[in-house]
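Reading through the structure tokens given below for one structure.
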């Protein structure tokens, strides 16, 4: 799938609006017989008292509010509650039959549709139509995350050094970030040239890696805005270090022709509020006359409402001519305020995206599928965390899903050792008496926990698509020209869709921004 056109965006939104209604019909009778071989009936708590009442209450609530992504049984619930809320029992029995017993590589291949190299998908049984419909719907409605460019990997020779960046620009920069700053920086350069922008504003610039590449590598005039004073100070030190390295390189290789004069980024310490205009963001640099300033706003993984702030500055200020924004941290969006933005999405029934769905949209689908294919012991983390939740609830029933700081080398720990360390991290007594038999029983369901999390992850690209389409339509409703382009390799950078917008039509030039790889 290429860039998102205006018509295709609205068509996709209509499909998203209809999918809830269609899914309601498909899931109306979870006990309907499925096509395929007969299976021995397994216990399903949905058919027992407690589970049945839970499902009935959910159905009544959904009937009142319409059907949305959060109306699905099971996958919309946090995996930490797998045991405390019997999440496996909330799945339709036919789904349990299909998923139970699948090993991690089979989940990657059959459920997530990401087989290993040379692997052919082979179903051991006929899957229920409802599960197949969910899988097909998730694939059909989500934006493609595969970039249009087809070039050899820049990390073939060295997994930590991009062959597309010179050594000075790679220093202090992780491989993922090397890939991101090069791809987004080159897109911003092309967009700036096409729209006649005189200045680029990098919002939420962090340590300034993108700003540094755009200014000292691509010759752009860049203002770098970051709210953390410490990060700005480090960015300024790295600017000086890079400038000195480039000067030494030029002395060693005087025959190398540089692209033009080098300008350091102009750093500003400032928090940007999504609800108010930031005048500092809009001020031109000293050598750019106010009347001639044309700004391009960009943000590399601008967190939560910061991406929304970029859209609002673009839409309401005439001096901002172009936008290139890559969002992330969707769970930090204000609601209302950060989502929905467009009138179209605001009018959809079932448009609600609770925290758990927005948080799930930030997971790395391709990276997790690779972990499934390798079937390493690290996959047990979710099972251990869900078991820990049962102990926490018994000790303090009011404490639900507390944040647990990372526990190193989980795969080397026994489940009781993990629980003890987890209790300590949430402020509880690590020496609480443990029911080892119950913990062992939880551990025996590790594959079910992995299957449940994989099912939830199946929805992640669909949720991200809804959020990004909302932003796209917000701009198009105001008459601006906007596209969504996958510019990063999703294996390196999962949040790889950039929202590009201009105030004058660029026609097919949008496609050039995506497919060319300098």
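The values are calculated or read from the model by the stated rules, or taken from the named source; none is laboratory data. Please read these numbers as outputs of a predicted model, since none were measured by experiment. Cβ sites come from the backbone with ideal geometry, for glycine too, and all protein chains shown count toward neighbours.
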Hits in segment 162-177 - residues which are in contact (Cβ under 8 Å) with a residue 24 or more places away in the chain, in a helix (DSSP H, G or I) and in contact with a helix residue (DSSP H, G or I) (Cβ under 7 Å, 6 or more places away or on another chain) = 168, 169, 177
Number of the condition not met by residue 460 [criteria: (1) in contact with a strand residue (DSSP E or B) (Cβ under 9 Å, 6 or more places away or on another chain); (2) within 22 Å of residue 331 (Cα to Cα)] | (1)
Every residue from segment 471-482 that is surrounded by 22 or more Cβ atoms within 10 Å (Cβ to Cβ) and assigned to a strand (DSSP E or B) | 482
Picking from 121, 140, which residue would you name as being at pLDDT below 95, assigned to a loop (DSSP other than H, G, I, E, B) and over 23 Å from residue 299 (Cβ atoms)?
-> 121
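So that you can scan it fast, the table gives a plain yes or no per residue for (1) in a helix (DSSP H, G or I); (2) surrounded by 20 or more Cβ atoms within 10 Å (Cβ to Cβ); (3) in contact (Cβ under 8 Å) with a residue 24 or more places away in the chain:
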residue: 197; (1), (2), (3): no, yes, yes
residue: 202; (1), (2), (3): no, yes, yes
residue: 212; (1), (2), (3): yes, yes, yes
residue: 244; (1), (2), (3): yes, no, no
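Looking at segment 347-358, can you tell me whether even one residue there is in a helix (DSSP H, G or I), free of Cβ contacts under 8 Å to residues at least 60 places away in the same chain, within 24 Å of the chain's Cα centre (by Cα) and not assigned by TED's automatic domain parsing to the domain that holds residue 438?
Within segment 347-358, the subset in a helix (DSSP H, G or I) is 355-358.
Adding the requirement that they be free of Cβ contacts under 8 Å to residues at least 60 places away in the same chain leaves 355.
With within 24 Å of the chain's Cα centre (by Cα) added as a condition, the list becomes 355.
Filter again for not assigned by TED's automatic domain parsing to the domain that holds residue 438, leaving 355.
Checked segment 347-358: at least one residue is in a helix (DSSP H, G or I), free of Cβ contacts under 8 Å to residues at least 60 places away in the same chain, within 24 Å of the chain's Cα centre (by Cα) and not assigned by TED's automatic domain parsing to the domain that holds residue 438.
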If you go through segment 349-358, how many residues are surrounded by fewer than 22 Cβ atoms within 10 Å (Cβ to Cβ) and at pLDDT 90 or above?
-> 0
Looking only at segment 316-345, which residues are part of a loop (DSSP other than H, G, I, E, B) and either out of contact with any strand residue (DSSP E or B) (no Cβ under 9 Å at 6 or more places or on another chain) or buried (at least 21 other Cβ atoms within 10 Å of the Cβ) (or both)?
-> 318, 333, 334, 335, 336, 337, 338, 339, 340, 341, 342
Could you run through segment 222-242 and say how many residues are outside any helix (DSSP H, G or I) and either outside the structural domain of residue 181 (by TED's automatic domain parsing) or touching a helix residue (DSSP H, G or I) at 6+ places or on another chain (Cβ under 7 Å) (or both)?
-> 4
Name the one entry in 284, 265, 261 that is modelled with pLDDT of 90 or more, within 23 Å of residue 185 (Cβ to Cβ) and more than 27 Å from the chain's Cα centre (by Cα).
-> 265
Out of 468, 462, sole residue that is under 29 Å from residue 135 (Cβ atoms), out of contact with any helix residue (DSSP H, G or I) (no Cβ under 6 Å at 6 or more places or on another chain) and not in a loop (DSSP other than H, G, I, E, B) | 468
Exactly one of 416, 446, 412 is farther than 23 Å from residue 356 by Cα and modelled with pLDDT of 95 or more, and that residue is 416
Hits in segment 377-411 (condition: in contact (Cβ under 8 Å) with a residue 24 or more places away in the chain and farther than 22 Å from residue 85 by Cα) = 377, 378, 410, 411
